[in-house]
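Scroll down for the structure; my scribbles are underneath it.
The values are calculated or read from the model by the stated rules, or taken from the named source; none is laboratory data. All figures in this text were calculated on a predicted structure; none of them were measured in a lab. Cβ atoms come from the backbone with ideal geometry, glycine included; neighbour counts cover every protein chain shown. Surface areas here come from the heavy atoms of the whole protein model, side chains and all, with no ligands, DNA or RNA. Shrake-Rupley method; radii C 1.70, N 1.55, O 1.52, S 1.80 Å.
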Amino acid sequence: MRRWSATIECALPVGAQGRAGVNAPRRFFFYGTLLAGMETALTRRIHAHLRALGPAQVRGRLVAICDPDGWYPALLPGEGRVAGMLYAARPSFTRATLGELDAYEGCSPRTHGAGEYRRAAIGARLDDGRCRAAQAYRYARPLPRGSLELPGGDFARWLVDTGASSFRQA
């Protein structure tokens, strides 16, 4: 049996580390409130411009953060696995679409990490074993009190298992 880290370790292509593709990403890894099916106005708008490539995993750890409008996840560095979906941008995906995603996540590439999340290149492994470079939103602030570590790394499963409500302000 392979270790999770070996299973989801994905080397990014040369030049894909750091900020590469930040202004025009073509693939995204979503692991929480941006997943299709979260049923917010934002997810319906955004997913009209995305095509699901399939379930995927990335290396890291996942924490649930409580907010008066519901729980939302935070992707952090770590040795565990985080479950989500990989999406490809359709031709209709524009800078305005990207701006809407960044605004929702409190991320502005121009503020260099001053927001709640930072969009960064990440290696994602699809369930069929293929590895793809993508963009993901990583949490960029100290965790607030009451945050819960999600050892399984699966926010959608955690919501179902606990009956917790997902963040809905979109």
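Classify segment 30-99 as rounded, prolate or oblate from the Cα gyration tensor: take a ≥ b ≥ c as the square roots of its eigenvalues, call it rounded if a/c is under 1.5, otherwise prolate when a/b beats b/c and oblate if not.
Working: a/c = 2.18, a/b = 1.35, b/c = 1.61.
Note, shape of segment 30-99 comes out oblate.
Taking all protein chains in place and a 1.4 Å probe, what share, in percent, of the accessible surface of segment 24-170 do carbon and sulfur account for? Please report the intermediate quantities before stating the final value.
Numbers: 3620 of 7030 Å².
Here carbon and sulfur together make up 51 percent of the probe-accessible area.
What span do the alpha-carbon atoms of segment 45-170 cover on each of the three principal axes, reported in whole Å from largest to smallest?
Extents along the principal axes: 40, 35, 26 Å.
With a 10 Å radius around each residue's Cβ, average the other Cβ atoms per peptide and rank 115-125, 154-164, 48-58, highest first. Can you show the working numbers first?
Numbers: 115-125: 21.4, 154-164: 15.5, 48-58: 18.1.
So the order, starting with the most tightly packed, is 115-125, 48-58, 154-164.
Counting alpha carbon pairs within less than 8 Å and at least 6 residues apart, what relative contact order, in whole percent, applies to segment 40-170? Walk me through the numbers before you get to the answer.
Values: 238 pairs, mean separation 42.2, N = 131.
Here the relative contact order equals 32 percent.
Kindly report the accessible area of segment 23-170 per residue (heavy atoms of protein chains, probe 1.4 Å, no ligands, DNA or RNA), in Å².
Details: 7120 Å² over 148 residues.
Per residue, segment 23-170 has 48 Å² of solvent-accessible surface.
If Lys and Arg each add +1 and Asp and Glu each add -1, what is the summed charge of the other residues whose beta carbon sits under 13 Å from the beta carbon of Ile46?
Details: positive: Arg44, Arg45, Arg51, Arg90; negative: Glu39, Glu100, Asp102, Glu105.
Local net charge: 0.
Calculate, for Leu143 and Arg51, the FRET efficiency according to 1/(1 + (r/R0)^6) with r their C-beta to C-beta distance and R0 30 Å; round to the nearest 0.05. Kindly include the intermediate steps, with their values, before the conclusion.
Working: r = 33 Å, r/R0 = 1.09.
My answer for the efficiency is 0.35.
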